[in-house]
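Visitor: Attaching a single structure in structure tokens format; questions to follow.
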Amino acid sequence: MVFPWNEVHWVLLDMDGTLLDKHYDDYFWETLVPQEYARRRGLTLSQARSEVFARYQREEGTLNWTDIDFWSRELELDIPAMKESIRHLIEIHPDAEDFLRFLRERGKFVALVTNAHWKTLNLKMNHTGLLGYFDAVVSSFDLGFPKEDLRFWEALRAQLRFDPERTLLIDDNAEVLATARRYGIRHLLYKAKSSSQLPPQNHAHFPSIVSFRELME
């Protein structure tokens, strides 16, 4: 891919699944949480998964979806402590740090734009040491809306003063990309390889990349 870097000044990057390996989050929410919920409630793992996944589904696309304080109350589990217990699984995607250096060397304005709760964000940034690569870090919890909501992009533009015509967003969530496209962000890329444990899946409606190396050629 020959990307038109001369047309882009602002680069907005998602965190989980885009810069960081989503295996950590998938294991946490799909395996560890149901296991602990089952243990605490005296349920089988199958029963726990059914109950927990039904609760997840109700909150998908809302701020509660990534609010670990909400889930601590909802599931009666210490979600922050559980996340900390498997921090060794937090990994940067291959080529992600090289890509961040690439952007800095070319003078781009680089912002981390995530739905993650600040407690999760701080855990991951402290573990990976990536924080210094960003000109701005914005959580949906700062703006009051998830990235799937047009109002998020309105509030983000007011904060960062980006020009949608000269902005690139890279995300592994197609719904987020679709909302950003409706808002008017011109350059959109889908991160097709979100987890090291899953095969890449290109998207039918967005240009896709597996590795950031594709953008550095």
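Visitor: Once the Cα gyration tensor of the chain is diagonalised, what are the square roots of 5 times its eigenvalues, in whole Å and ordered largest first, as equivalent ellipsoid semi-axes?
Guide: Calculated on Cα positions only, the semi-axes equal 31, 18, 16 Å.
Visitor: Given charges of +1 on the Cβ of Lys and Arg and -1 on the Cβ of Asp and Glu, with all other atoms neutral, how large is the dipole of the stretch 24-88 about its Cα centre, in debye to the nearest 20?
Guide: 260
Visitor: Computed from the mean reciprocal separation of all distinct C-alpha pairs, what Kirkwood hydrodynamic radius does the stretch 100-191 have, in Å? Before the final figure, lay out the partial values.
Guide: Details: mean 1/r = 0.0728 Å⁻¹.
Hydrodynamic radius (Kirkwood, Cα pairs) of the stretch 100-191 is 13.7 Å.
Visitor: Roughly what angle does helix 150-160 make with the longest principal axis of the chain, taking Cα atoms, 0 to 90 degrees, to the nearest 10?
Guide: For 150-160 against the chain, the angle is about 60 degrees.
Visitor: Could you pull the Cα extents of the stretch 24-88 along its three principal axes, largest to smallest, in whole Å?
Guide: Each principal axis gives a Cα extent; for the stretch 24-88 these are 29, 29, 20 Å.
Visitor: Place a point 7 Å from Cα of Ser72 in the direction of its Cβ. Which residues in the stretch 114-128 have their backbone N less than 14 Å from it?
Guide: Within reach of a label on Ser72, which here means backbone N under 14 Å from a point 7 Å along Cα→Cβ, the stretch 114-128 contributes 117-123.
Visitor: Set Lys and Arg Cβ to +1 and Asp and Glu Cβ to -1, take the dipole of the stretch 24-88 about its Cα centre, and tell me which of Ser72, Gly61, Gln47 lies farthest positive.
Guide: Checking the options against the dipole of the stretch 24-88, the answer is Gln47.
Visitor: Separate question: Rank His88, Leu198, Leu156 by how far each Cα sits towards the positive end of the charge dipole of the chain (+1 on Lys, Arg Cβ; -1 on Asp, Glu Cβ) and give me just the farthest.
Guide: Towards the positive end, the residue furthest out is Leu156.
Visitor: Could you give the size of the charge dipole of the chain about its Cα centre, using +1 on the Cβ of each K and R and -1 on the Cβ of each D and E, expressed in debye and rounded to the nearest 20?
Guide: Values: 27 positive and 34 negative charges, 28 e Å.
Around 140 debye, computed over the chain.
Visitor: Please say if the stretch 166-217 is rounded, prolate or oblate, where rounded means a/c under 1.5 for a ≥ b ≥ c the square roots of the C-alpha gyration tensor eigenvalues, and otherwise the choice is prolate for a/b larger than b/c and oblate otherwise?
Guide: Oblate, because a/c is 1.5 or more while a/b does not exceed b/c.
Visitor: Stretch Ala174-Trp5 to full length: gain in nm at 0.36 nm per residue minus the Cα-Cα span?
Guide: Working it through step by step, the gained length comes to 58.6 nm.
Visitor: Within the chain, what percent of beta bridges assigned by DSSP are antiparallel, to the nearest 5?
Guide: Here the share of antiparallel DSSP bridges comes out near 5 percent.
Visitor: Now for a separate question. Pop a pseudo-label 7 angstrom from the Cα along the beta-carbon direction at both Thr62 and Arg151 and give the gap in nm to one decimal.
Guide: 1.4
Rule-based calculations on the coordinates, nothing more; no lab input. Keep in mind the model is a prediction, meaning the values are calculated, not measured. Cβ sites come from the backbone with ideal geometry, for glycine too, and all protein chains shown count toward neighbours.
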